[in-house]
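Okay, so here's the structure we're looking at.
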Amino acid sequence: MVEVNTETVSYEKASKLDVIITILLGITTILGAFAAYCSALWGGEMQINYTNSVTITNHANTIYLEALSDLNSFEVNDMKDDIIYTQWKDNTEKGDVDDANYFFSKLSDGLQKDLNDDPKDVSEYDKEQAASLDSINARLDESVQLNDSAKVLMEKGNSANKYGDDFTLCTVLFTVVLFFLGLASLKSGSNMQKTFVVISCVILFLSFIRMITIPFPFFQ
């Protein structure tokens, strides 16, 4: 009969398991480094989107406040012209030249020019007023569009932040795998070693599945 050296068989099994542990250590280290790299890229994307969003929001607010100020001035001046024009017209019809001239001098330049050309036609003045109002409204619309763009960038920044956190979690899980594999390498030939390897494989598999479900920054 052939005698089998049980110590040799046990040693060979232990050696194969050690090789598996070494391979798993290499794979886990690469995946952990890759997850950390993706997390850093998403962090950079987050910062860019947040910075651009804040910059655009500030610009939009500046445009809005300037346009709002011009709109208030426009409405005050328009109301002022309406009141003074009524006074000028009444005094002109009554023949009160001095009062008529006084109120005429208080009218805006555009309205004065229109009335000098034809006292009964202020169409050019109305066109100028309409153009000014259109310009103000265009700037208000621009500020709304810029704010919408800023919101989109802010949402992208929030998404990038979430994806970065998800990759960071995967990095932590891969680190846990490395910890258990490290323990397994210290327990050669024991049942505890196999237990640590099994735990490591389960966590590694779940972590890998979780990682590949997260959008990668290269394809955005």
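What the table shows:
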item	result
Residues of the range 94-121 that turn out to be in a loop (DSSP other than H, G, I, E, B) and crowded, with 18+ Cβ neighbours inside 10 Å, as a count	1
Neighbours by Cβ (under 8 Å, 6+ apart or cross-chain): first from the range 46-58, touching a residue at least 12 places away in the same chain (Cβ under 8 Å) and more than 10 Å from residue 156 (Cα to Cα); second polar (S, T, N, Q) and assigned to a helix (DSSP H, G or I)	56/147; 56/149; 57/147
Residue 207 being assigned to a helix (DSSP H, G or I) and modelled with pLDDT under 90	no
Whichever residue in the range 33-44 is surrounded by fewer than 19 Cβ atoms within 10 Å (Cβ to Cβ) and not aliphatic (A, V, I, L, M) and, among such residues, is farthest from residue 171 (Cα to Cα)	44
Out of 216, 167, 174, 205, sole residue that is loosely packed, with under 14 Cβ neighbours inside 10 Å and closer than 20 Å to residue 30 by Cβ	205
Flag if residue 131 is out of contact with any strand residue (DSSP E or B) (no Cβ under 6 Å at 6 or more places or on another chain), more than 20 Å from residue 76 (Cα to Cα) and small (Gly, Ala, Ser)	no
Yes/no for residue 91 being surrounded by 14 or more Cβ atoms within 10 Å (Cβ to Cβ), touching a Phe, Trp or Tyr at 6+ places or on another chain (Cβ under 8 Å), of a type outside the set (Lys, Arg) and in a helix (DSSP H, G or I)	yes
Selection within the range 186-204 - among the hydroxyl-bearing types (Ser, Thr, Tyr) and either in a helix (DSSP H, G or I) or under 30 Å from residue 160 (Cβ atoms) (or both)	195, 200
Residue check for residue 124: in contact with a Gly (Cβ under 6 Å, 6 or more places away or on another chain) and surrounded by 14 or more Cβ atoms within 10 Å (Cβ to Cβ)	no
The range 85-134, residues that are aromatic (Phe, Trp, Tyr) and within 50 Å of the chain's Cα centre (by Cα)	125
Selection within the range 160-204 - at pLDDT 90 or above and of a type in the set (S, T, N, Q)	161, 168, 171, 175, 195, 200
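Yes/no matrix, rows are residues, columns are (1) out of contact with any His (no Cβ under 8 Å at 6 or more places or on another chain); (2) closer than 30 Å to residue 59 by Cβ; (3) among the hydroxyl-bearing types (Ser, Thr, Tyr); (4) part of a helix (DSSP H, G or I):
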residue	(1), (2), (3), (4)
147	yes, yes, no, yes
156	yes, yes, no, yes
160	yes, yes, no, yes
165	yes, yes, no, yes
172	yes, no, no, yes
175	yes, no, yes, yes
179	yes, no, no, yes
184	yes, no, no, yes
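The values are calculated or read from the model by the stated rules, or taken from the named source; none is laboratory data. What you see is a predicted model, and the numbers here were worked out from it, not measured in a lab. Heads up, the Cβs are rebuilt from the backbone with ideal geometry, glycines too, and the neighbour counts pull from every protein chain shown.
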